[in-house]
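What follows is a short report on a single structure.
Just so it is clear, none of the values below were taken in a lab; they were calculated from the coordinates. Please read these numbers as outputs of a predicted model, since none were measured by experiment.
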């Protein structure tokens, strides 16, 4: 069967595959009009109701993978260990073959927007490195091959079919879809959706790299755009929250600046300027690393709603020092308090001082 589901994973409908082969379709492709299926000697084109519109004999006895290039209306077809052959939609051999390069192919997809001009994406299976998505050129004279994505569980088999798009979610992230043949004990067969490339078109930061020298200042310009984007997606109206995180690797000091983005509509905008001013500081605890207690030091203007809490690396709250903070708060001078880490295992902890609009975080290492 061919099953139809919506973006939420809900069942919409189904229709029988036209093939009588024991293999069934291994890969599906959409050309904007017809659904192409492969998995045996015959290549089928069916409409969205499941009716066969075209069928012709493919280049291999098992045409396992299929991709469509809309720029030249070409179907790229391969078996698991064969070269990749080019055919038109009427089944005519275009006389172009791409070297297999020793790969084991379990899915093909055409990504015309690839920044490296390597538009043919494929699932490659290696029993040494597991399953990866690689990309190659559609020009047989260009032999470049690059890895795009490593499946996180390191599985060596069990996935087939490949579809990649950039309009699955409202943020325009590039996502990969595949069908995973998984045992019932591990969750059963499923359609997997992976994010392989975030979309940064809506975000610009300048400068995007450089050095911050002690005692000097660097001004960063952050631009968030929700209009005039190239892809067929927009931010929905609403409020979006995020954080800009600055970390100093030498001493583990982390500064977190909250970002509040309100989208008022797809065709309107409001101009505003906000200064991200630092009104307080959270300084390196002493000693650090420490054995059972350390002194937490802070300075500046700390309002009455501020909190001082300690988290582990998983984000779990382990200690709330807000009551101690209230006892030593003084808006004009430097303050400090002692954190006694009794009953906690050794490891790295995050000390966070947070007001309504600002947050500062530093790392502390507890030695046991």
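Compute the Kirkwood hydrodynamic radius of segment 108-166, taking the inverse of the mean of 1/r over all pairs of distinct Cα atoms, and give it in Å to one decimal.
Numbers: mean 1/r = 0.0833 Å⁻¹.
Hydrodynamic radius (Kirkwood, Cα pairs) of segment 108-166 is 12.0 Å.
Taking square-rooted eigenvalues a ≥ b ≥ c of the alpha carbon gyration tensor, is segment 115-228 rounded, prolate or oblate, where a/c under 1.5 means rounded and, failing that, a/b exceeding b/c means prolate? Intermediate values should be presented prior to the final figure.
Working: a/c = 2.07, a/b = 1.80, b/c = 1.15.
Prolate is the answer for segment 115-228, as a/c is 1.5 or above and a/b outweighs b/c.
By how many nm would the segment from residue 367 to residue 199 grow when fully extended, if each residue of separation counts as 0.36 nm and the alpha-carbon distance is taken off?
Numbers: separation 168, 0.36 × 168 = 60.48 nm, distance 4.08 nm.
Fully extending the segment from residue 367 to residue 199 adds 56.4 nm.
Under 8 Å for C-alpha pairs, at least 6 residues apart: give me the relative contact order for the chain, rounded to a whole percent.
Numbers: 769 pairs, mean separation 27.1, N = 368.
Reported relative contact order: 7 percent.
Taking log10 I(q)/I(0) by the Debye sum over Cα atoms at q = 0.08, 0.10 Å⁻¹ as the quantity of interest, determine which of (i) -0.63, -0.84; (ii) -0.55, -0.77; (iii) -0.50, -0.75 was computed from the displayed structure.
Computed from the coordinates, log10 I(q)/I(0) by the Debye sum over Cα atoms at q = 0.08, 0.10 Å⁻¹ corresponds to (i).
Calculate I(q)/I(0) for segment 2-197 by the Debye formula, one identical point scatterer on each C-alpha and no solvent, and give its log10 at q = 0.09, 0.13 Å⁻¹ to two decimals.
Reported log10 I(q)/I(0), two decimals: -0.31, -0.68.
Using only the Cα atoms, work out Rg/Rh for segment 280-366, with Rh taken as the Kirkwood radius, to two decimals.
0.94
Assuming 0.36 nm per residue, please report the length gained on full extension of the stretch residue 141 to residue 283 beyond their Cα-Cα distance. Can you show the working numbers first?
Numbers: separation 142, 0.36 × 142 = 51.12 nm, distance 5.84 nm.
That works out to 45.3 nm of additional length.
If a/c stays under 1.5 just call it rounded; otherwise compare a/b with b/c (prolate if a/b is bigger, oblate if not). Do that for segment 1-91, with a ≥ b ≥ c from the square roots of the Cα gyration tensor eigenvalues.
Details: a/c = 1.73, a/b = 1.40, b/c = 1.23.
Here segment 1-91 falls in the prolate category.
Under 8 Å for C-alpha pairs, at least 6 residues apart: give me the relative contact order for segment 280-366, rounded to a whole percent. Show your work: numbers first, answer last.
Details: 180 pairs, mean separation 30.9, N = 87.
Computed over segment 280-366, the figure is 35 percent.
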